[in-house]
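Notes to accompany the following structure.
Just so you know, all these numbers are worked out from the coordinates, no wet-lab data involved. Keep in mind that what you see is a predicted model, and the values were worked out from it rather than measured. With ideal geometry, Cβ positions are generated from the backbone for all residues, glycine too; neighbour counts draw on all protein chains shown.
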Amino acid sequence: MLMAKRLNSSRLEDVFFRHLVSNMRNGVLAIDRQGTLVIANEESRRLFHLPPGDFSGEPYADVLREHPDIVRVLGGAFELQSLPNRAELRLKSTDTVIGYTLSLVRDDAGEVVGAALFFKDLTHVEQIEERERLRDRLAAVGEMAAVMAHEIKNPLARIEVLAGLLRRKVPESPDVQSLVGDIINEAKMANSIVQEVLAFVRPVRLQVDRTSLGDAIASAVTLADGKVERGSILVDVNLANELPSLGADQYQLTQVFSNLLINAYEALEGRGRIEINARIARTSAEGALLPDGHQAVPTVVVDLADDGPGMPPEVAEKIFNPFFTTKAQGSGLGLAIVRKIVDAHDGRIDMTTHNGKGTRFRVTLPVQPHKK
């Protein structure tokens, strides 16, 4: 009777342990000394994109062959003199950042029988920290740029006025008229750059209201068409039927999408196709935002893709940097302003590009703004 009770208690503990590990928010991977996978809970399956099925008893190096970084960490557990209590690793396979702890598993006699990796997805945390670092850098640059912009703005206005007066005094000289026209045009261009700098360094103040994404995109197309020659470029807009209205600033969102369209127009040089697709996402697998790192919130995902020449990697990695531009003329602030506006909406903007195969910008916005 006592033996049966102990066996029943042991089975209950085993079932409870399996449920406990399976439902942990953190990932758990465990292997034995022979390199066999013993435990892979649901979070680890999600993070490493493992297919359904029971991998217990299979070689961990085979199960995780797409993630050599993790194979290396687990494989070194039995060789290290001191195991890391808290370390971070960026997975090359998924570009995900994890924080992990590595522990040895010992039996009742104290012999090492396996190793366990406990980890957490820190990608969202790193993104927040990177945004904070970027905001600190931009604040310092912004203060300096604001002072310089104000100092430059007044002489530019005076140059433009004086050039206009000079034009009136010598109406009979075509050569002088042409030179004065060039002076006025260059002054206006410099002034527009100053205005962009001032817009960039000022804090974004949102006028949040119920906003139709369709209206914002339609206005953006009209605005972009008025600023850059579109040529024969086809713009195809596809919005999901159940798309909800957003708690957002429609004017600022129009600026976001018009800037992205202008960039695409310039890249396509009058020929090609742009597709704008928008959908609702409710789970992290669908691309929904995770404000607290765990709980997904209703999110609208907008993809703006062109079939243009794309960008080389060395350009793509700097594309959101303030004052970075590949154009002969321009401030290099357009995409930096876009990112600033999206950040102010608690959203995210990402870009994927392949040299010679086009570029896609993905703007991810919460349906409701987060409470600060």
Requested in this report: Using Cα positions and a limit of under 12 Å, work out the aspartates and glutamates in reach of K357, with same-chain residues fewer than 8 apart set aside.
Outcome: D306, D307
Requested in this report: Could you work out the Kirkwood radius for region 147-186, taking every pair of different alpha carbons, averaging 1/r and inverting it, reported in Å?
Outcome: 10.7 Å
Query - Packing rank of 260-271, 345-356, where each peptide gets the mean count of other beta carbons within 10 Å, highest leading - result: 260-271, 345-356
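Given a cut-off of 22 Å, name the pairs among K318/K340; K227/K318; K188/K318; K227/K327; K153/K318; K153/K188 whose C-alpha atoms lie farther apart than that in the structure shown.
Values: K318/K340 15 Å; K227/K318 24 Å; K188/K318 27 Å; K227/K327 16 Å; K153/K318 28 Å; K153/K188 10 Å.
Flagged as over cut-off: K227/K318; K188/K318; K153/K318.
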